[in-house]
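Step one of this worksheet: look at the structure below.
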Amino acid sequence: MVEIISKRDGPRREDAALRRLLSENRTTITRLADQFSAGAYSASKVAKPKPQPKGLIFHDMSAGAPSEEPLARIRVSLNGRVIMVDENTSRQLHHLGQITTRDGGEVFVLATSENGFFAPLDEPIATLLAGLDNQTLSGDHTEEWLVAEIGRRLDLE
């Protein structure tokens with residue numbers, strides 16, 4: 001003899017009875033939950049308004065018209081990255097190199113594959129800036145001088 005066990009359609013009788021019991025006693029359950037949690041249960045169910053941000057500055061990256069020619073500028077970031085950015089959109093155009101500390105002094109390292117950069121500069125830009133590779137920044141050669149020299153070599157001004 002073979003018994004066929006099949007799943008019935010719809011909820012089980014036990015599940016329906018439990019749901020009915022919970023719905024009939026919802027007020028008592030809520031009162032007990034509030035009593036145990038010192039009112040935190042009902043407070044958590046109340047919809048809270050979302051806080052409005054104050055003092056935040058939102059930048060619209062699409063502010064410049066797409067037909068505008070990029071206005072390239074050289075910047076040195078706080079972590080020493082030397083980059084070329086578009087002044088109209090503030091987007092990075094090229095990562096030119098890094099200012100690192102070697103033997104107690106700051107040195108500009110050009111972004112080439114020989115220097116260990118996984119995204120090296122394009123060849124025309126790298127050849128124009130090759131003389132600045134491993135340039136020590138001290139005395140007259142400061143970050144401002146480096147930015148001006150890169151701008152002069154790339155004809156940005």
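Starting from the Cα of Leu128, step 7 Å along the direction of its Cβ; do the same at Asp103; then give the gap between the two resulting points in nm.
Reported label-point gap for Leu128 and Asp103 is 3.1 nm.
Relative to the present Cα-Cα distance, how much length would full extension add between Arg73 and Phe117 at 0.36 nm per residue of separation? Numbers along the way, then the final one.
On the way: separation 44, 0.36 × 44 = 15.84 nm, distance 2.16 nm.
Fully extending the segment from Arg73 to Phe117 adds 13.7 nm.
Placing +1 at every Lys and Arg Cβ and -1 at every Asp and Glu Cβ, with all other atoms neutral, what dipole size does the range 72-153 have around its Cα centre, in debye to the nearest 20?
Details: 7 positive and 12 negative charges, 44 e Å.
Rounded to the nearest 20 debye, it is 200 debye.
Where a number appears in this text, it was derived from the coordinates with a stated rule and is not lab data. This structure is a prediction, so every number in the text was calculated from the model and none was measured. Counting neighbours? That spans all protein chains shown, and the Cβs are built from the backbone with ideal geometry, glycine included.
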